[in-house]
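Participant: Okay, here's the structure, questions in a sec.
The values are calculated or read from the model by the stated rules, or taken from the named source; none is laboratory data. Keep in mind the model is a prediction, meaning the values are calculated, not measured. Cβ placement follows ideal geometry from the backbone for every residue including glycine, while neighbour counts extend to all protein chains displayed.
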Amino acid sequence: MNLVLVDPEEITPSGDAVLSGSRAEHLLKVLHAAPGHEVRIGVIDGPRGVGTVQAIAEGAVTLRCAFEGDTPPRPAIDLLLALPRPKVLRRLWAQIAALGVGQIILTNAEKVERNYFDTHVLSPESYRPLLIEGLQQARDTRLPAVSIHRQFRVLVEDQLDALAGPALRVVADPSASKALSQVVPAGAPQRLLLAIGPEGGWNAFELGLLAAHGFQPAGIGPRILRSDTACVALLAIAHSAIGHCGK
C-alpha cells in the first residue's frame, strides 16, 4: 500500500480521519506507524496529501490530514473489455486500476459464457475494494467508473458514444497488420478507447461492427494471450505510447 485512500465522508471538519480494519493494520504492522509519523494519504476521486499520526487506540489510527489543492487527472485510457471468467476478472480489477483507466466498460461477446454475468465479482461490493487496492498501489485517487452491458451490439451502436465521447478507438487483434504503438501516436491529444476481446477473440461480426464504429485494429504480436495478460500488456504499451497519464 503506497497510498492510504479514504472516502470523503471519513474526513472530519477538523481534517482528521480515523482508520480501522485493514488500513490501520497496514499502518501499524507494515509501516510501524507511531504518533508523529507521516504517511501518504488520498481522498477517493480527490486530492492527495499527507496524514500525520495523532493517536493510536484499540487498533484504530487517527490521522491529521493535509491535502494538496489539485486532484490527479483522470487516466486518458478507457477500457472496453469482453467479460472474462469470474476468477480472471477478480485478478484483473486491481491490476487495471493500478495501470490506470478512466472507465471499465464490460460487455458481452459470442465467446463469453452467459453465466459470467451472474457472478458476484460484478457487484460494486466485490470490485470496489479491489479497484481501491490497485489505486493504493499506484498512488492514484481516481476510481474507474464501471458499467456492464449484456448486449454487445446495443452497446456499440447506441451507447458507446455517450459513454466514451470523442476518443481514438483501437481494438486489439492478433492478426492486425499494425502494432499498437504504430496506431496510437506519441503524445496523442485525445482520449484512447481500447477494446480487448474474450479468451477466444472477437468473431468476424464483432470485429466488423467495431470497425464500422471507428475502431482501428492493432496488435502486439501473433501470440494469443489470456485476458489478464493481454490487458496488462496492452494498457502498459498504450500508456507508454500516449506519453501522459491523464486528461
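Participant: For region 27-41, name all the residues that are out of contact with any Gly (no Cβ under 7 Å at 6 or more places or on another chain) and either among the β-branched types (Val, Ile, Thr) or under 16 Å from Ala138 (Cα atoms) (or both).
Facilitator: Within region 27-41, Val30, Arg40 meet the criteria.
Participant: Next question, about the same structure. Taking the options Arg153, Arg169, Arg142, name whichever one is part of a helix (DSSP H, G or I) and either assigned by TED's automatic domain parsing to the domain that holds Arg226 or out of contact with any helix residue (DSSP H, G or I) (no Cβ under 9 Å at 6 or more places or on another chain) (or both).
Facilitator: Arg153
Participant: Say we look at region 98-121 and pick out the residues that are assigned to a helix (DSSP H, G or I) and at pLDDT 95 or above; which of these is nearest to Val4 (Cα to Cα)?
Facilitator: Ranking the qualifying residues of region 98-121, first place goes to Ala98.
Participant: Shifting gears a bit: Among the residues of region 202-219, what is the count of those that are within 12 Å of Val112 (Cα to Cα) and surrounded by fewer than 19 Cβ atoms within 10 Å (Cβ to Cβ)?
Facilitator: Going through region 202-219 one residue at a time, the tally reaches 1.
Participant: Tell me, which residue of region 96-112 that is hydrophobic (A, V, I, L, M, F, W, C) and free of Cβ contacts under 8 Å to residues at least 60 places away in the same chain is surrounded by the most Cβ atoms within 10 Å (Cβ to Cβ)?
Facilitator: Ala97
Participant: Of all strands (runs of 3 or more DSSP E) completely enclosed by region 16-87, which ones contain at least 1 residues that are outside the structural domain of Gly201 (by TED's automatic domain parsing) and among the polar types (S, T, N, Q)?
Facilitator: On the way: elements: 16-19, 38-43, 48-57, 60-67, 77-82.
Here the list reads 48-57, 60-67.
Participant: Additional query: Looking at this structure, is Ile96 within 19 Å of Arg226 (Cα to Cα), in the same structural domain as Ile224 (by TED's automatic domain parsing) and in contact with a Ser or Thr (Cβ under 6 Å, 6 or more places away or on another chain)?
Facilitator: no
Each row is one residue, and each column tells you yes or no for (1) closer than 19 Å to Val4 by Cβ; (2) out of contact with any Leu (no Cβ under 6 Å at 6 or more places or on another chain).
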| residue | (1), (2) |
| --- | --- |
| Pro47 | yes, yes |
| Pro72 | yes, yes |
| Leu81 | no, no |
| Val88 | no, yes |
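Participant: Could you please tell me which pairs satisfy a Cβ distance under 8 Å, a separation of 6+ or placement on different chains, a first residue in region 166-182 that is surrounded by 14 or more Cβ atoms within 10 Å (Cβ to Cβ), and a second residue that is among the charged types (D, E, K, R)?
Facilitator: If the second residue must be among the charged types (D, E, K, R), the pairs left are Ala167/Asp78; Ala167/Arg191; Leu168/Arg191; Pro174/Arg223.
Participant: Further question on the same structure: Of the conditions (1) part of a loop (DSSP other than H, G, I, E, B); (2) of a type outside the set (Val, Ile, Thr); (3) surrounded by 17 or more Cβ atoms within 10 Å (Cβ to Cβ), Pro222 clears all except one; give me its number.
Facilitator: (3)
Participant: Do we have any residue at all in region 124-145 that's closer than 26 Å to Ile44 by Cβ, of a type in the set (Ser, Thr, Tyr), in contact with a strand residue (DSSP E or B) (Cβ under 6 Å, 6 or more places away or on another chain) and at pLDDT 95 or above?
Facilitator: Checking region 124-145: at least one residue is closer than 26 Å to Ile44 by Cβ, of a type in the set (Ser, Thr, Tyr), in contact with a strand residue (DSSP E or B) (Cβ under 6 Å, 6 or more places away or on another chain) and at pLDDT 95 or above.
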